[in-house]
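Down below is the structure, laid out as structure tokens.
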Amino acid sequence: VQLQASGGGVVQAGASLRLSCAASARTSSNNGMGWFRQRPGKEREFVSAINWSGSSTYYADSVKGRFTISRSKGASTVYLQMNSLKPEDTAVYYCGSGRSSSARSDLPAYAYWGQGTQVTVSS
């Protein structure tokens, strides 16, 4: 069971980044997947989720209209396209593989987590 997140970096406000989460097919192809983030001193918070087929997506209000989640046709890789980044988006971003096929925003719905990738947005 492995999830590998990548794509983080240091950018200026207004820039874009694309995060990727590569998962082993066994763990992810039939499961919903999601992105969460954790800012310094804060709890991990929901960002976005996608169901097993990619037909249903879900976003936190803070990123709606700026971030887009998608998954590869083989469903083993999930992406998070982040546009119009703001300093408040600075966090470690984690991808998770859900316990069910649906897109979920609650932490207990996720069974496995990647190692996290740092996103830093300067003003």
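Collect the residues in the stretch 34-84 that are more than 18 Å from residue 11 (Cβ to Cβ) and of a type in the set (S, T, N, Q), keeping them in residue-number order.
38, 48, 51, 53, 55, 56, 57, 70, 72, 76, 77
Would you be able to say whether some residue in the stretch 98-110 is out of contact with any helix residue (DSSP H, G or I) (no Cβ under 8 Å at 6 or more places or on another chain), open to solvent by 60 Å² or more (accessible area, probe 1.4 Å), of a type in the set (A, V, I, L, M, F, W, C) and at pLDDT below 95?
The answer is no, given that none of the residues of the stretch 98-110 is out of contact with any helix residue (DSSP H, G or I) (no Cβ under 8 Å at 6 or more places or on another chain), open to solvent by 60 Å² or more (accessible area, probe 1.4 Å), of a type in the set (A, V, I, L, M, F, W, C) and at pLDDT below 95.
Which residue pairs have Cβ atoms closer than 9 Å, lie 6 or more positions apart in sequence or on different chains, and pair a first residue in the stretch 3-15 that is farther than 29 Å from residue 110 by Cα with a second residue that is open to solvent by 60 Å² or more (accessible area, probe 1.4 Å) and not acidic (Asp, Glu)?
That search, which allows pairs on different chains as well, returns 12/123; 13/84; 13/86; 13/123; 14/84; 14/86; 15/84.
The values are calculated or read from the model by the stated rules, or taken from the named source; none is laboratory data. Bear in mind that the values here come from a model prediction, so they are computed numbers and not experimental data. Cβ atoms come from the backbone with ideal geometry, glycine included; neighbour counts cover every protein chain shown. The area values use the complete protein model at the heavy-atom level, side chains included, leaving out ligands, DNA and RNA. Shrake-Rupley method; radii C 1.70, N 1.55, O 1.52, S 1.80 Å.
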